[in-house]
Amino acid sequence: MSQFAAKIHAPDYPPRDRHPAIFRLFDSLKPGEVMELVNDHDPRPLQYQFMMERPDQFTWEYLEEGPDVWWVAIGKK
């Protein structure tokens, strides 16, 4: 992935604001665009939340999986 329409570094947000900020950014994407998520832990719970709240609307690709940084490309279908 060389081009991201948007980027978010989750640790920059207070824990209670992280998922809402990520969903706001995702919702602002146009179909076919991809956002970059950088996190300091595995964002698997966020992926499950996407599965529940945005079924069949996203793609999820781990670009790096720890141990210090998790880097995920989240695309909008």
(message) Per residue, how much accessible surface does the chain expose to a 1.4 Å probe? Answer in Å², no decimals.
(response) 62
(request) Report the residues of the range 43-77 in range of a label on Ala5: point 7 Å along Cα→C-beta, backbone N strictly under 20 Å from it. (result) 47, 50-63, 72-77
(message) Could you work out the relative contact order of the chain? I mean the mean sequence separation of Cα pairs under 8 Å and 6+ apart, divided by the number of residues, in percent.
(response) 35
(request) Describe numerically, in nm with one decimal, the distance between label points set 7 Å from Cα along Cα→Cβ at Tyr48 and at Glu64. (result) 2.6
(request) Determine the share of the chain's accessible area contributed by carbon and sulfur atoms, expressed in whole percent, with a 1.4 angstrom probe. (result) 51
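The values are calculated or read from the model by the stated rules, or taken from the named source; none is laboratory data. These numbers come from a predicted model, not from an experiment. With ideal geometry, Cβ positions are generated from the backbone for all residues, glycine too; neighbour counts draw on all protein chains shown. These accessible areas exclude ligands, DNA and RNA; they are computed on the full protein's heavy atoms, side chains included. Shrake-Rupley method; radii C 1.70, N 1.55, O 1.52, S 1.80 Å.
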